[in-house]
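Q: Got a structure for you, written out below as structure tokens; questions coming shortly.
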Amino acid sequence: MNFFDIILLPFKWIVSAVLWVFHELFTMIGLDPTSGITWVLCIVGLTLVMRTLTIPLFLKQIKSMRGMQELQPEMAKLQAKYKGKKDQLSRQAMAEEQMALYKEHGSNPFAACLPIIVQMPIFFALFQVLRSVPAAAQNNEAIHLLTPEMVHQFNESTIFGAPLFSTLMQPGNGNHTATIILALVMIVAMSATQFFTQRQLTARNMSDSAKESPMYRQQQMMLYLFPLIFAIGGINFPLGVLIYWTVSNLWSMGQQWWVIRNNPTKGSQAERELNERRAAKGLPPVGMTKQQHEEKLAEQRERAAAGQRQQPVSKKRQKQQTKKNNG
């Protein structure tokens with residue numbers, strides 16, 4: 001057992017335990033224990049459990065990303081201050097000032113990766129559990145908490161003729177055509193959901209000033225890079241892992257949509273849309289009381305009226321107005 005396997009061992013126990021619980025539950029309510037649908041539902045259940053547990057990390061991710069957006073103007077000034085300075089002292093001073101800005105705004109550049117980092121051990125653990133199913137079934141062995149009987153049931157289960165442990169490159173003993181088609185569909189679904197989840201965040205929940213920053217350009221690159229990486233790697237992912245990651249992306253998309261809709265970043269398109277909905281209901285904009293909003297509107301009306309009274313008039317128009325009044 002190598003170092004990587006030692007690290008993944010507790011996570012493989014967790015994966016097998018969650019799959020065992022859901023399989024027992026679905027079998028208890030009458031589903032076929034050898035059906036591919038039953039095992040797909042077990043994998044979906046595993047995904048939902050993991051995503052529920054990572055909700056606090058997701059909220060921390062959103063908070064940190066907003067902090068990063070707010071400090072972009074100050075980061076630009078800092079970069080301009082140290083532009084062209086390559087010496088060690090300058091680089092150290094710049095790094096210290098950057099850390100001070102992160103602390104002041106309560107942001108962390110690594111917090112944006114927390115949900116995906118936490119999921120990766122489960123992802124790889126599920127990968128290894130699924131890949132070990134054929135050999136364990138052949139040897140009549142258990143896979144941690146999955147009993148030999150469950151392993152045989154898992155090994156015999158298929159979805160549209162494709163075993164859940166099969167991959168695009170290794171179709172297994174099932175229907176090869178069905179496996180390849182289903183794997184391609186799932187790879188496209190996984191990559192597409194990854195793309196639209198990231199696009200939703202950058203297109204609607206970033207302020208106009210943040211969209212002019214280097215961070216936005218980096219996120220635009222990642223918008224296309226991440227789905228491409230997953231698409232390339234997906235050819236070696238078992239169908240069960242593709243299902244896990246696609247469901248996880250759908251969860252992220254829905255969770256993110258709800259947060260963006262109801263608690264958008266200040267100055268973003270999503271905030272303007274929220275304020276339009278609030279205005280239609282007779283509510284003040286986000287962050288303002290009704291009295292403050294009414295006072296602001298009254299001030300705007302006064303300024304508009306003052307501007308109309310003080311509008312400059314050309315000499316020609318003054319003469320025409322004088323002739324009209326005298327006439």
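The values are calculated or read from the model by the stated rules, or taken from the named source; none is laboratory data. All values derive from a computational prediction rather than experimental measurement. So basically every Cβ, Gly included, is an ideal-geometry build from the backbone, and we count neighbours across all protein chains shown. Surface accessibility is based on the protein's heavy atoms, side chains included, excluding ligands, DNA and RNA. Shrake-Rupley method; radii C 1.70, N 1.55, O 1.52, S 1.80 Å.
Q: Go ahead and run the numbers for FRET between ILE7 and LEU31, Cβ-Cβ distance against an R0 of 51 Å, rounding to 0.05. Intermediate results must be reported in sequence, preceding the final value.
A: On the way: r = 34 Å, r/R0 = 0.66.
E(calc), rounded to 0.05, equals 0.90.
Q: Now, a different point. List the aspartates and glutamates whose Cα lies under 15 Å from the Cα of LYS103, skipping any in the same chain that are fewer than 8 positions away.
A: GLU70, GLU74
Q: List the trypsin sites (Lys or Arg not before Pro) in the stretch 222-273 that DSSP assigns to loop (not H, G, I, E or B) and whose Cβ has at most 16 other Cβ atoms within 10 Å. Which are they? Walk me through the numbers on the way to the answer.
A: Values: sites: ARG261, LYS266, ARG272; in loops: LYS266.
Passing sites in the stretch 222-273 are LYS266.
Q: Sticking with this structure for a sec: Which order do the peptides 199-206, 82-89 come out in when sorted by mean C-beta neighbours inside 10 angstrom, highest first? Numbers along the way, then the final one.
A: On the way: 199-206: 19.0, 82-89: 8.9.
Ranking, from highest mean packing down: 199-206, 82-89.
Q: Can you check what the net charge comes to around LYS81, using other residues whose Cβ is under 12 Å from the Cβ of LYS81 (Lys, Arg +1; Asp, Glu -1)?
A: Numbers: positive: LYS77, LYS83, LYS85; negative: GLU74, GLU97.
Value of the local net charge: +1.
Q: Can you give me the accessible area per residue for the stretch 113-154, using a 1.4 Å probe, in Å²? Don't skip to the end; give the middle numbers.
A: Working: 1830 Å² over 42 residues.
It amounts to 44 Å² per residue over the stretch 113-154.
Q: Can you tell me the order of 181-192, 91-102 when each peptide is scored by its average per-residue count of other Cβ atoms within 10 angstrom, highest first?
A: On the way: 181-192: 18.5, 91-102: 13.5.
Going from most to least packed, we get 181-192, 91-102.
Q: Quick check: with the 1.4 Å probe, what order do PHE226, PHE237, PHE123 take by accessible area, largest first?
A: Values: PHE226 65, PHE237 30, PHE123 5 Å².
So the residues, ranked largest to smallest area, are PHE226, PHE237, PHE123.
Q: May I ask you to give the percent of accessible area on the stretch 159-265 that is carbon plus sulfur, with a probe radius of 1.4 Å? The partial results should precede the final answer.
A: Numbers: 3440 of 5050 Å².
Of the solvent-accessible surface of the stretch 159-265, carbon and sulfur hold 68 percent.
Q: Could you provide, to the nearest whole Å², the per residue accessible area of the stretch 259-308 with probe 1.4 Å?
A: Heavy-atom SASA per residue in the stretch 259-308 reads 71 Å².
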